[in-house]
Amino acid sequence: MTASADPATPQGGSKGPDQDTSRPASTDGRFGTTELTLYALTVLTWSSSWLAMKFQVGTVPIFQSVLYRFAIAALIMVAWVLLTRRNWRFPLWLHARFALMGVLMFSLNFVLFYGAAQWLTSGLLAVVFSLVTILNPLNAAILLRDRIEPRVLIGAAFGIGGIALIFWPEVSAAENGRLILMGLGLAVSGALSFSLGNIVASGVHRHGLPVISVNAWGIFYGVVFLATVVTLTGAPLQFDTGPVYVWSMLFLATASTVIPMASYLTLMRRIGPGRAGYATVMFPIGALAISWGFEGYQWTWPALAGLALALVGNLFVLRQPPRRP
């Protein structure tokens, strides 16, 4: 999961150089085999990334694991930009925004989620991350003075209530309630960090800059931030050569970052950002199903009711507002 990989890139804005002008976006509402394949690929890679993240939590310090992951992703992204001959030279003043975006979206938020993964199942992590759908318009209203629709406030109420219901059975358990609450706090902080990064990225993309190039710079600066923190801590570099750790890292750096970025952006061009955005509603369901199958996540009636409320909240936010006459 990354910013354009775990819903990453803010939608909307002017047409940028990355947009494919040779194939116009679908306007007749068709959702054919190609669109279905792209949609399924996006949801599957996002859903499974949370379980892979759990496999990264162990003997290797969190900052170092996140650093290794995004160092690999940065190399792939830079190669993508160079091989496709996208513009990668931008004014110096933009790099300050790239750096802030990188810290918020491609490093700090993942450090927080990796920390939360010590106590939360992968499915619960995905559900908390889906709050970004609600946090984005709320933060845009606060920081950018964007107009907020009443449906967003209704969606936020449903979403927050749903999260509370999902976590209530585990938080109320005496034996691990405090740890679950700590994990929830870290995960919510990670979602907030990602959302704030989205706000920064939204301002950047309003200049019509190529999405892939901007994300490549963001990941690069995220790696610089992580490397700086690791250096300042003075802790010796560690690496787990076990196959589970290595393969999960490679999956996160490639299939969870580059592949969904390509599939989601392509899907967004073909069916529009509104319909493509519903992938963010589906991936928590997929992640919980994977967690149920591989981690023994226990479904309860409050959790099912909370999941339903959280999904309804996301649908309220993603639903297109009625057109004004």
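The values are calculated or read from the model by the stated rules, or taken from the named source; none is laboratory data. Model, not experiment: these values are computed from the prediction. Note: ideal-geometry Cβ built from the backbone for every residue, glycine included; neighbour counts use all protein chains shown.
Assorted remarks:
- You will find that of W292, W299, the residue that is modelled with pLDDT of 80 or more, in a loop (DSSP other than H, G, I, E, B) and under 23 Å from S172 (Cα atoms) is W299 and no other.
- Any pair with Cβ under 7 angstrom, 6 or more apart, that starts in region 55-72 at a residue that is of a type in the set (D, E, K, R) and ends at one that is buried (at least 24 other Cβ atoms within 10 Å of the Cβ): R69/L252
- Any hit, region 70-82, residues being surrounded by fewer than 18 Cβ atoms within 10 Å (Cβ to Cβ), modelled with pLDDT of 85 or more and part of a loop (DSSP other than H, G, I, E, B): no
- Qualifying residue in region 148-156 (condition: under 19 Å from W46 (Cα atoms) and surrounded by 17 or more Cβ atoms within 10 Å (Cβ to Cβ)): no
- Scanning region 229-246 for residues that are free of Cβ contacts under 8 Å to residues at least 12 places away in the same chain and surrounded by 12 or more Cβ atoms within 10 Å (Cβ to Cβ) yields G242, V246.
- Residue in region 83-99 that is modelled with the lowest pLDDT, counting only those that are of a type in the set (D, E, K, R) and either surrounded by 14 or more Cβ atoms within 10 Å (Cβ to Cβ) or under 18 Å from L226 (Cβ atoms) (or both): R86
- Against the conditions (1) touching a helix residue (DSSP H, G or I) at 6+ places or on another chain (Cβ under 6 Å); (2) over 30 Å from L94 (Cα atoms), M182 satisfies every one except (1).
- L124 vs. criteria surrounded by fewer than 18 Cβ atoms within 10 Å (Cβ to Cβ) and either over 17 Å from I62 (Cα atoms) or under 19 Å from the mean Cα position of the chain (by Cα) (or both): no
- Being within 29 Å of F63 (Cα to Cα), within 18 Å of the chain's Cα centre (by Cα), of a type outside the set (S, T, N, Q) and modelled with pLDDT of 85 or more is a condition met by no residue of region 237-247.
- Subset of region 190-227 that is among the small types (G, A, S) and closer than 19 Å to G123 by Cβ - its residue that is farthest from the chain's Cα centre (by Cα): G190
- Of the criteria (1) within 18 Å of V66 (Cα to Cα); (2) surrounded by fewer than 24 Cβ atoms within 10 Å (Cβ to Cβ), which one G102 fails: (2)
- Members of region 210-254 found to be farther than 26 Å from R85 by Cα, of a type outside the set (S, T, Y) and in a helix (DSSP H, G or I), listed by number: F225, L226, A227, V229, V230, L232, P243, V244, V246, W247, M249
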